[in-house]
Amino acid sequence: MPSALPLGDPAPADGVLPPQAAVGAGERGFSLYAHIPFCAVRCGYCDFNTYTATELGGGASQAAYAATAASEVRFAAAALDASGVPRRPMSTVFFGGGTPTILPASDLAAILAAAVDAWGLEPGAEITTEANPDSVTPASLEALAEAGFTRVSFGMQSAVPHVLKVLDRTHSPGRVPEAVRWARDAGLDVSLDLIYGTPGESMADWRASLDAALACDPDHVSAYALIVEDGTKLAAQIRRGEVPETDDDEHAEKYELADAVLAEAGYAWYEVSNWARGAGGDSPEGARYACRHNLAYWNGGDWWGIGPGAHSHVGGVRWWNVKHPTAYAGRLARGESPAAGRETLDAETRHTERVLLGLRLASGLPVADVPVEGRAAVAGLIADGLVEGPAALRGRLVLTLRGRLLADAAVRRLLP
Amino acid sequence: MSPMARTAPVPAATDPSIIRNFCIIAHIDHGKSTLADRMLQFTGVVQPRDMKAQYLDRMDIERERGITIKSQAVRMPWEVEGTAYALNMIDTPGHVDFTYEVSRSLAACEGAVLLVDAAQGIEAQTLANLYLAMENDLTIIPVLNKIDLPAAQPEKYAEELANLIGGDPADVLKVSGKTGVGVEGLLDRIVADIPAPVGDAAAPARAMIFDSVYDTYRGVVTYVRVVDGSLNPRERIQMMSTKASHELLEIGVISPEPIPSKGLGVGEVGYLITGVKDVRQSKVGDTITNLSKPAAQSLGGYQDPKPMVFSGLYPLDGSDYPDLRDALDKLKLNDAALVYEPETSAALGFGFRVGFLGLLHLEIVRERLEREFNLDLISTAPNVIYDVTLEDTSVVTVTNPSEFPTGKVKEVREPMVSATILAPNEFVGAIMELCQGRRGQMKGMDYLSEDRVELRYWIPLAEIVFDFFDQLKSKTRGYASLDWKADGEQAADLVKVDILLQGEQVDAFSAITHRDKAYAYGTMMTAKLRELIPRQQFEVPIQAAIGSRIIARENIRAIRKDVLAKCYGGDITRKRKLLEKQKEGKKRMKMVGRVEVPQEAFIAALTTDESKDKAKK
């Protein structure tokens, strides 16, 4: 997750949420996010909350981490109980990082088991872990499947060595198909994460990465434009002129290429940066392979995020944990909430978020969710080719390809 | 060496023979204020514990910029050979824009201390003021300051000064305002060399106003030099130019705080308060007389201040317009040269067209508006006044390029100035090139010393109001100095260049230029705007045109990507904050047709490159 935390209101030490969190909770799903803040190396573009040292002090070492994270699971269950939020079985679980698979599969299994112990699982629950192609083996993937994981998302990023080098990724391109095969053998669904627009990446390079990804026959592909975040090594390299700047027009072209190549191969977009195999029909996100955890974010679902710097959302209350693993472990050891700050969204802000997040989905944003002041803008968006006309007539705002690339601009036009 | 005076002469009862009125002529940062501070200290009018650096520069801006905008007069006692004298130090503004105020200050004196930095030599503005002082027959005491500096070259510059005013380099005093060395000797020289004022004590009162300052608590404080007769408390006085009369509520001397006195006699310098609230009722250069026994003839030399440079001032936030109006109304109380009238710009909204004496005056007013009144402003590129004669021989006076007539124009006349530039001789070529490029005609060149040259040009004012001084400084590594004064007008082939965004004219960017430079302005401005205006969801052509003829064109390509690709780990808050920031940014956009133009683009496009670079640092 991004390195800078938002500013918000103080969060109480007992973790109890304001009353609005419990309102209507019974009708909403519940998800869990588990952040694993460790990596073998820090990649040059990365500003996520992750650490390469194996021995952080105060209960924050990699070895102690699973126990610490499990203690937050127990804290979470108690805090939600105390907040009057009913216990619901988890519909999705997502382990992200960092590199979750830098921990032994047994550690990830232990954290998951603690959560299942606290909340239980919905039948058919989606349980994903991110993984670096370098940090898995057939045995570790077997063990994850054994523990209940259903899905693995590999950080492939690119299939082109010089691009991987700029990104500081350590794996060799050949490792990805191998890792995918092992995951398949273990019975896991597979997603591949790609990054486009890396300095020095040509259109042909990007095409090669897309082709290589498709050759692995994944169930799901995420393609993210490289964002050069302040404070990263890559930002410094660009500032010093060692690496060329990224270019938004080129990003747009690469996005268009990705969408065309993926569609051709039978993957449909269900969110601006996500494509799933076999999606189709009226409700692409209902497709078997769309990432339901991801959709919970865009649909404003409830989730508890455990781990340092993790974000949570329950019934219009958002909070985020302290960033450093040592501070995080210390809070939990004292029986205190690890939250650094939180915000309680008012009706207007929730409305804003609904537009902001809903418009990114292929299922579209119900016109009824657009504030009255923004309705007049809808015709303009259709006229400018950002929104599908026929879908709008049926009451949903669905972005066109051009509109997906200008989604933020479209949101600004819809909001007062 | 003289001691501090044991008893100071009493105002209103001081014989003119023991009065010495002098001013200090110096360039910015040649150390005038520091020297003045030292004089206040040595004469005992300021106790050491009350001393603050640059005591006489009241306003913060003055202190920060090291320049004196408003002059004041301080009375200091000084004893020479057992006689206590009254020394009146009249502070003069140091900058080219305030020539008229300087001339009135000089007219209040019999002598001038010519103060020059011993490490830098004389500068053009000092030279200009020195000419003014010599025209007024003032006795000049040449002084080199900062002789304590390692880089000081007192011998070299003593020779330069001696050459300029005639005399022996040995007569040039050498002081350090910082350490105080030579300051007492200077005070003695002032008593010895500067003539005592002469006037007729029995004649009807005549006093010249050499400055007038608005004070929130006291109203207008007027500084005067009495020439004939005397002024006394509770009398009614009359302004000779307007015949308006006022009661003298208070009269006194500054030493260095105001001290009421029983009046002011022949040759004395002091202040008076009548209760008026606007400096326009107490004009610099006017003569004050006694209402019951008025003088027949004024002292002469009075002029109304004449604005030379105009600029549109607009609040960044349109709702600040009333505040801007109030602020200008307040500043006007203290600035007789400030003129303004409301104007409307399609691009910038409601604002004022403001007239200034020159660029520094513009900058000072703008800075005071921003700092003292907390306003964020956009100012349009400064322009001069044009007289446009149409085919039907009617004449239009244009102070705003957007008012330039569109019909058949017979002749356009522009104001001209005489400019004096002083610089080391190695830069003569670069300066000549610059001046010729700005349509200047060379009027002469003189060597002040072996390696310093004075160049004189007749040049359009419009050519020097934009970035001439910055260019001059950069082409001479900062060594050149410039002075100018208005000097007639000329007919020239001038045209208006308009800038169009998607076919819509943006009035704030229209400019009047010489026909030969229209293309350069057009390409410069269109290229600049292409950089400054963010890409929109559609293509935006930017054109420069003379009338309907397009002379330059640029294109802003449509934006293709405006979406944050990832939203990692559910940090929705950050994404929302980004949206809020973007929306905030959108609010600060001005709409030109369908095109969103950021305020910053207006500011940057209207700013010269040099000042833009400064802002970046």
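The values are calculated or read from the model by the stated rules, or taken from the named source; none is laboratory data. Just so it is clear, the model here is predicted, and its values are computed rather than measured. Cβ atoms come from the backbone with ideal geometry, glycine included; neighbour counts cover every protein chain shown. Heavy atoms of the whole protein, side chains included, go into the accessibility calculation; ligands, DNA and RNA do not. Shrake-Rupley method; radii C 1.70, N 1.55, O 1.52, S 1.80 Å.
Average accessible surface for the stretch A:146-289: 40 Å² per residue, computed with a 1.4 Å probe over protein heavy atoms with every protein chain in place.
Karplus-derived 3J(HN,Hα) values for the stretch B:261-271, using 6.51 cos²θ - 1.76 cosθ + 1.60 with θ = phi - 60°, are 10, 7, x, 9, x, 3, x, 7, 10, x, 10 Hz; glycine and proline are entered as x. Partner aspartates and glutamates whose Cα lies under 18 Å from the Cα of B:Lys146, excluding those fewer than 8 positions away in the same chain, are identified as B:Asp29, B:Asp37, B:Asp117, B:Glu123, B:Glu155, B:Glu159, B:Glu160, B:Asp171, B:Glu184. Database remark: amide H of A:Met156 closer than 5 angstrom to the amide H of A:Asp193 (H placed geometrically; neighbours at sequence offset of 5 or more, or on other chains; Pro and chain starts carry no H).
Accessible area of B:Phe466, 1.4 Å probe, to the nearest 10 Å²? Surface accessible to solvent at B:Phe466 totals approximately 80 Å².
What lysines does B:Lys587 reach when the alpha-carbon gap must be under 25 Å and sequence neighbours fewer than 8 apart in one chain are set aside? Straight-distance partners of B:Lys587: B:Lys528, B:Lys561, B:Lys575, B:Lys577, B:Lys612, B:Lys616.
Within the set of other residues whose C-beta is less than 15 Å from the C-beta of B:Arg353, count the net charge using Lys and Arg as +1 and Asp and Glu as -1. Spell out each step's value before the answer.
Details: positive: B:Arg325, B:Lys332, B:Arg366; negative: B:Glu341, B:Glu343, B:Glu403, B:Asp507.
Here the count lands on -1.
About its Cα centre, the stretch B:442-581 has a charge dipole of approximately 1180 debye under the convention of +1 per Lys or Arg Cβ and -1 per Asp or Glu Cβ, with nothing else charged. The listed peptides B:254-266, A:98-110, ordered by packing as a protection proxy, come out as A:98-110, B:254-266 (highest mean of other Cβ atoms within 10 Å first). Rolling a 1.4 angstrom probe over the stretch B:495-616 with all protein chains present gives an accessible area of which 52% lies on carbon and sulfur atoms.
Given axes a ≥ b ≥ c from the Cα gyration tensor, I'd like to know whether the stretch B:206-290 is rounded (a/c under 1.5), prolate (a/b larger than b/c) or oblate.
rounded
All other residues whose Cβ lies under 12 angstrom from that of B:Ser481 are scored, Lys and Arg at +1 and Asp and Glu at -1, for a net of -3. In chain A, the calculated helix contribution to ellipticity at 222 nm averages -11500 deg cm²/dmol per residue, counting -39,500 (n - 2.57) for every DSSP H run with n ≥ 4.
For the stretch A:1-141, the dipole from Cβ point charges (+1 on Lys and Arg, -1 on Asp and Glu) about the Cα centre works out to 80 debye, to the nearest 20.
Chains A and B: buried accessible surface, both sides, probe 1.4 Å, rounded to 100 Å²?
3700 Å²
Please report, as a whole percent, how much of the solvent-accessible surface of the stretch B:387-492 comes from carbon and sulfur atoms (probe radius 1.4 Å). Taking all protein chains in place, the stretch B:387-492 shows 47 percent carbon and sulfur surface. The residues of the stretch A:5-112 expose, per residue, 36 Å² of accessible area to a 1.4 Å probe.
For B:Ala346, the amide hydrogen comes within under 5 Å of the amide hydrogens of B:Asp507, counting only partners 5 or more places away or on other chains and with H modelled in the peptide plane. In sequence order, the stretch A:233-243 has phi-based couplings of 4, 4, 4, 5, 5, 5, 4, 7, x, 7, 9 Hz under the Karplus curve 6.51 cos²θ - 1.76 cosθ + 1.60, θ = phi - 60°, and Gly or Pro positions carry x. Computed in the context of the full set of protein chains, the accessible area of the stretch A:334-416 at 1.4 Å probe radius has 55% of its extent on carbon or sulfur. Interface residues of the stretch B:539-566, defined as a loss of at least 50 Å² in heavy-atom accessible area between the chain alone and the complex of all protein chains with a 1.4 Å probe, are B:Arg560, B:Lys561, B:Asp562, B:Val563, B:Ala565, B:Lys566.
Looking at the protein assembly as shown alone, DSSP beta bridges between its own residues are antiparallel in about 70 percent of cases. Based on C-alpha pairs under 8 angstrom that are at least 6 apart in sequence, the stretch A:347-414 has a relative contact order of 37 percent.
In percent, rounded to a whole number, the relative contact order of chain A is 18, using alpha-carbon pairs under 8 Å and six or more apart. Taking each DSSP H run with n ≥ 4 as -39500 (n - 2.57) and averaging over every residue of chain B yields -8000 deg cm²/dmol at 222 nm.
A drop of at least 30 square angstrom in accessible area, chain alone versus all protein chains together, probe 1.4 Å. Which residues of the stretch A:390-406 meet that? Buried by the other chains: A:Arg402, A:Leu405, A:Leu406. Charge dipole of the protein assembly as shown (Cα centre as origin; +1 on each Lys and Arg Cβ, -1 on each Asp and Glu Cβ, all else neutral): 1460 debye, rounded to the nearest 20. Near B:Phe210, the amide H atoms lying under 5 Å from its own belong to B:Tyr223, B:Val224, B:Arg225, B:Gly285; only residues 5 or more places off or on other chains count, and H is placed 1.01 Å from N. Residue-wise HN-Hα couplings along the stretch B:353-358, as the Karplus relation 6.51 cos²θ - 1.76 cosθ + 1.60 with θ = phi - 60° gives them from phi, are 8, 10, x, 10, 6, x Hz; Gly and Pro carry x.
Accessible surface for the stretch A:374-416, divided over its residues, is 39 Å² per residue with a 1.4 Å probe. With 23 Å as the limit on Cα-Cα distance, the pairs of B:Lys306/B:Lys332; B:Lys443/B:Lys475; B:Lys243/B:Lys330 that go past it are B:Lys243/B:Lys330. Over chain A, what portion of Cα pair distances is larger than 40 Å, expressed as a whole percent? Roughly 14 percent, rounded to a whole number.
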